[in-house]
Amino acid sequence: REHCAGEFIAGRMASLGLRGAGEGGSYFQHVPLASTLQPHAPQGPGRNVVGLLEGSDPSLKHEIIVVGAHYDHLGWGAFSSLDNTRAVHNGADDNASGVSAMLRVASLLAQGKRPARSVLFTAFTGEELGLLGSAYFVRSPTIPLRDARAMINMDMVGRLGDAALIVYGVGTAREWPALLQYQ
């Protein structure tokens, strides 16, 4: 299932004109899922899916904004879910909404005026089992991490309705509070 979802995400990235930014210029970064920190992780490899939208400004395009989400959760309930019913939860608010939001951002940026800086879109695997995909990406990045300027994590994008928007991690950079002020 993870393999099919990864192929779908990579195909969508390609259709948007994102360049493969995984291993060897592909859209994939192979991730060993076996972990001494998480003994319940499945044996064998998973895959992060990585695509790059090159920035438009020649002097800033080497700087990278990372937009990430994870796609490993199956939406079955029970394990790592508030619902103990073991049944398919189509469109789960966890990974499905995050990946959808990430791909929508990629679509808007690819079709509109390109941002000055490059944007790296990364769909992580193995997150429900202990942040395995994102930790592997940080240990073995497919881009020079010194070029990363910020990361936006699209995890747990849910139904807002009339409720207030909650954004976590605002204190991680002095610029975030001003950028996120309600207009």
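The values are calculated or read from the model by the stated rules, or taken from the named source; none is laboratory data. Just so you know, these numbers come straight off a predicted model, no measurement behind them. For neighbour counting, all protein chains shown are included, and Cβ atoms are generated from backbone atoms with ideal geometry for every residue, glycine included.
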*asked:* Six or more apart or on different chains, Cβ atoms under 8 Å: show the pairs whose first residue is in segment 155-175 and in contact (Cβ under 8 Å) with a residue 60 or more places away in the chain and part of a loop (DSSP other than H, G, I, E, B) and whose second is aliphatic (A, V, I, L, M) and surrounded by 10 or more Cβ atoms within 10 Å (Cβ to Cβ).
replied: Asp155/Ala69; Val157/Ala101
*Would you say Ala148 is surrounded by 10 or more Cβ atoms within 10 Å (Cβ to Cβ), touching a Leu at 6+ places or on another chain (Cβ under 8 Å) and not aromatic (Phe, Trp, Tyr)?*
yes
*Applying the selection to segment 53-63, what residues are surrounded by fewer than 22 Cβ atoms within 10 Å (Cβ to Cβ) and touching a residue at least 40 places away in the same chain (Cβ under 8 Å)?*
Glu54, Gly55, Ser56, Asp57, Leu60, Lys61, His62, Glu63
*Please indicate, with yes or no, whether at least one residue in segment 74-91 is at pLDDT 95 or above and surrounded by 12 or more Cβ atoms within 10 Å (Cβ to Cβ).*
no
*Residues being part of a helix (DSSP H, G or I) and touching an Asp or Glu at 6+ places or on another chain (Cβ under 7 Å) - total across segment 131-154*: 3
